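Let me begin by presenting the structure, written as C-alpha coordinates, before commenting on it.
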Amino acid sequence: MFFLVVLSCIFLAQAQHHGEIHHHPQPYAFGYSVGDHHSEQHRHETDNGHGAVVGSYGFTDARGIARQVNYVADHAGFRAQVNTNEPGTANQNPAAVHVISHQLHPHRIVEPHHAHPVDVVSFPTVHGLNAGFVF
(Lines give C-alpha, C1' and ligand atoms only; values in the text may rest on other atoms or scores of the structure.)
Protein backbone atom coordinates (compact mmCIF):
# COMPACT_ATOMS: atom_id res chain seq x y z
CA MET A 1 0.00 0.00 0.00
CA PHE A 2 2.81 2.39 0.92
CA PHE A 3 4.43 1.70 -2.44
CA LEU A 4 1.22 2.71 -4.28
CA VAL A 5 0.99 6.00 -2.34
CA VAL A 6 4.60 6.91 -3.17
CA LEU A 7 4.13 5.92 -6.81
CA SER A 8 0.93 8.01 -7.02
CA CYS A 9 2.72 11.07 -5.57
CA ILE A 10 5.53 10.76 -8.10
CA PHE A 11 3.02 10.39 -10.94
CA LEU A 12 1.07 13.48 -9.84
CA ALA A 13 4.25 15.53 -9.46
CA GLN A 14 5.30 14.64 -13.02
CA ALA A 15 1.84 15.33 -14.44
CA GLN A 16 1.68 18.86 -12.98
CA HIS A 17 4.92 19.99 -14.61
CA HIS A 18 3.93 22.14 -17.61
CA GLY A 19 7.39 22.98 -18.86
CA GLU A 20 9.18 26.30 -18.98
CA ILE A 21 6.98 29.35 -19.43
CA HIS A 22 8.50 31.94 -21.77
CA HIS A 23 7.16 35.48 -21.69
CA HIS A 24 7.74 37.57 -24.78
CA PRO A 25 9.29 41.02 -24.30
CA GLN A 26 6.72 43.74 -23.74
CA PRO A 27 7.07 47.41 -24.65
CA TYR A 28 7.42 49.70 -21.65
CA ALA A 29 7.99 53.32 -20.73
CA PHE A 30 8.85 54.88 -17.39
CA GLY A 31 10.27 58.06 -16.00
CA TYR A 32 10.72 60.17 -12.93
CA SER A 33 11.95 63.59 -11.94
CA VAL A 34 12.78 64.64 -8.38
CA GLY A 35 14.17 67.87 -7.05
CA ASP A 36 14.27 70.50 -4.35
CA HIS A 37 15.48 74.11 -4.27
CA HIS A 38 19.10 72.92 -4.55
CA SER A 39 19.19 70.09 -7.09
CA GLU A 40 17.26 67.98 -9.58
CA GLN A 41 17.55 64.41 -10.93
CA HIS A 42 15.59 62.69 -13.68
CA ARG A 43 15.41 59.54 -15.79
CA HIS A 44 13.15 58.46 -18.66
CA GLU A 45 13.28 55.26 -20.73
CA THR A 46 11.19 53.48 -23.38
CA ASP A 47 11.50 50.02 -24.94
CA ASN A 48 9.68 48.98 -28.10
CA GLY A 49 9.49 45.32 -27.04
CA HIS A 50 11.96 44.22 -29.73
CA GLY A 51 15.20 45.10 -27.95
CA ALA A 52 15.47 48.81 -28.80
CA VAL A 53 15.75 51.02 -25.72
CA VAL A 54 15.89 54.84 -25.82
CA GLY A 55 16.36 56.91 -22.70
CA SER A 56 17.95 59.75 -20.83
CA TYR A 57 19.02 60.62 -17.32
CA GLY A 58 20.65 63.60 -15.70
CA PHE A 59 21.05 65.96 -12.79
CA THR A 60 21.70 69.55 -11.84
CA ASP A 61 23.37 70.21 -8.48
CA ALA A 62 23.28 73.22 -6.16
CA ARG A 63 26.35 74.77 -7.86
CA GLY A 64 24.69 74.68 -11.29
CA ILE A 65 26.77 71.72 -12.49
CA ALA A 66 24.63 69.69 -14.87
CA ARG A 67 24.87 66.43 -16.80
CA GLN A 68 22.35 65.11 -19.33
CA VAL A 69 22.94 61.65 -20.85
CA ASN A 70 20.85 60.57 -23.84
CA TYR A 71 21.29 56.94 -24.86
CA VAL A 72 20.16 54.26 -27.29
CA ALA A 73 20.66 50.52 -26.78
CA ASP A 74 19.67 48.26 -29.66
CA HIS A 75 21.07 45.66 -32.07
CA ALA A 76 23.97 48.06 -32.82
CA GLY A 77 25.01 48.24 -29.14
CA PHE A 78 24.90 50.98 -26.51
CA ARG A 79 25.47 54.56 -27.63
CA ALA A 80 25.39 57.62 -25.40
CA GLN A 81 25.69 61.36 -25.77
CA VAL A 82 26.75 63.28 -22.65
CA ASN A 83 26.01 67.01 -22.35
CA THR A 84 27.71 68.62 -19.36
CA ASN A 85 29.27 71.75 -17.94
CA GLU A 86 31.34 69.81 -15.39
CA PRO A 87 34.81 71.21 -14.67
CA GLY A 88 37.63 69.28 -16.31
CA THR A 89 35.60 68.02 -19.25
CA ALA A 90 36.22 68.72 -22.90
CA ASN A 91 34.58 67.80 -26.19
CA GLN A 92 35.75 64.24 -26.77
CA ASN A 93 34.45 60.90 -27.95
CA PRO A 94 35.88 58.01 -25.92
CA ALA A 95 34.58 54.55 -26.85
CA ALA A 96 30.96 54.75 -28.03
CA VAL A 97 30.21 57.91 -26.04
CA HIS A 98 29.91 61.40 -27.49
CA VAL A 99 30.83 64.01 -24.82
CA ILE A 100 29.80 67.63 -25.36
CA SER A 101 31.26 69.92 -22.70
CA HIS A 102 29.95 73.37 -21.85
CA GLN A 103 32.46 74.04 -19.07
CA LEU A 104 32.02 77.64 -17.95
CA HIS A 105 35.68 78.47 -17.25
CA PRO A 106 38.82 76.67 -16.19
CA HIS A 107 39.16 76.36 -12.43
CA ARG A 108 42.33 77.37 -10.62
CA ILE A 109 44.13 74.54 -8.88
CA VAL A 110 44.44 75.28 -5.18
CA GLU A 111 47.96 74.89 -3.82
CA PRO A 112 48.22 72.71 -0.71
CA HIS A 113 48.75 74.50 2.60
CA HIS A 114 51.08 72.76 5.02
CA ALA A 115 50.21 73.17 8.70
CA HIS A 116 52.96 73.65 11.27
CA PRO A 117 53.04 71.92 14.65
CA VAL A 118 51.53 73.80 17.58
CA ASP A 119 53.31 74.00 20.96
CA VAL A 120 51.67 71.99 23.75
CA VAL A 121 50.85 73.93 26.91
CA SER A 122 50.20 72.03 30.14
CA PHE A 123 48.45 73.30 33.25
CA PRO A 124 48.77 71.83 36.75
CA THR A 125 45.76 69.85 37.93
CA VAL A 126 44.40 70.32 41.44
CA HIS A 127 42.62 67.23 42.82
CA GLY A 128 39.97 67.35 45.50
CA LEU A 129 38.81 70.86 44.69
CA ASN A 130 35.02 70.84 44.10
CA ALA A 131 34.76 74.18 42.36
CA GLY A 132 32.12 73.04 39.86
CA PHE A 133 32.02 74.47 36.37
CA VAL A 134 33.59 77.82 35.64
CA PHE A 135 32.33 79.76 32.64
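Among residues of the range 55-73 that are more than 13 Å from THR84 (Cβ to Cβ), those with a beta-carbon under 6 Å from a residue that is hydroxyl-bearing (Ser, Thr, Tyr) and not in a strand (DSSP E or B) at least six positions away or on a different chain give the pairs ALA62/SER39. Give the number of residues within the range 72-91 that are of a type outside the set (A, V, I, L, M), in a strand (DSSP E or B) and closer than 15 Å to PHE59 by Cα. Count: 3. Just one of (1) surrounded by 15 or more Cβ atoms within 10 Å (Cβ to Cβ); (2) at pLDDT 95 or above; (3) β-branched (Val, Ile, Thr) fails for THR84. It is (2). With the condition kept exactly as written, say whether any residue in the range 15-29 is under 24 Å from ILE100 (Cα atoms) and modelled with pLDDT of 90 or more. Looking through the range 15-29, none of the residues is under 24 Å from ILE100 (Cα atoms) and modelled with pLDDT of 90 or more. When the residues of the range 61-71 are narrowed to those that are within 17 Å of the chain's Cα centre (by Cα) and not in a strand (DSSP E or B), which ends up farthest from VAL34 (Cα to Cα)? Ranking the candidates gives ILE65 first.
The values are calculated or read from the model by the stated rules, or taken from the named source; none is laboratory data. Please read all numbers here as calculations on a predicted model, not as lab measurements. With ideal geometry, Cβ positions are generated from the backbone for all residues, glycine too; neighbour counts draw on all protein chains shown.
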